[in-house]
């Protein structure tokens with residue numbers, strides 16, 4: 001099961017240019033069957049990116065910086081908030097080149113979510129907001145649904 005805060009390794013991520021490469025993705029929601037996964041890409045390539053922990057607001061490329069070994073990542077890692085995307089649920093859960101390799105701590109994923117809303121809030125579509133911030137009733141229903149599957153028959 002893949003949920004919010006999980007880290008996926010995609011062996012053959014397809015970029016907008018058509019090029020493919022390995023990429024780590026951070027999942028931003030816990031969708032039900034049929035709902036898309038929302039995610040952001042990561043990079044360990046610093047180039048001109050600042051090493052300021054947490055949310056880095058930039059008009060053109062907002063980031064969230066996680067220092068090496070502070071959470072899951074062994075290298076300094078920048079979560080590319082500006083790369084916010086959606087991908088089909090069934091594609092992610094059944095694709096042989098996409099694997100869950102870990103999860104972020106709740107504090108880290110909450111920081112990423114806060115950064116996303118702080119830097120992209122006005123540009124997030126209402127259907128995406130619904131997936132990112134499900135109502136309390138929806139959350140309780142999803143929890144009941146998951147726990148009922150765990151009960152022995």
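Derivation of every value follows stated rules applied to the coordinates shown; laboratory data play no part. Here the structure is a predicted model, which means the values were calculated and not measured. Neighbour counts run over all protein chains shown; Cβ positions are idealised from the backbone, glycine included.
Does region 61-78 contain any residue that is surrounded by 20 or more Cβ atoms within 10 Å (Cβ to Cβ), within 10 Å of the chain's Cα centre (by Cα) and under 17 Å from residue 103 (Cβ atoms)? No; the residues of region 61-78 include none that is surrounded by 20 or more Cβ atoms within 10 Å (Cβ to Cβ), within 10 Å of the chain's Cα centre (by Cα) and under 17 Å from residue 103 (Cβ atoms). Residues satisfying the criterion are absent from region 10-18 (criterion: on the phi > 0 side of the Ramachandran plot and surrounded by 19 or more Cβ atoms within 10 Å (Cβ to Cβ)).
Could you tell me which residue of region 20-37 is nearest to residue 126 (Cα to Cα), considering only residues that are out of contact with any helix residue (DSSP H, G or I) (no Cβ under 6 Å at 6 or more places or on another chain) and not in a loop (DSSP other than H, G, I, E, B)? Within region 20-37, the match that is nearest to residue 126 (Cα to Cα) is 27. Considering each residue of region 38-58 in turn, none proves to be within 20 Å of residue 94 (Cβ to Cβ) and free of Cβ contacts under 8 Å to residues at least 12 places away in the same chain.
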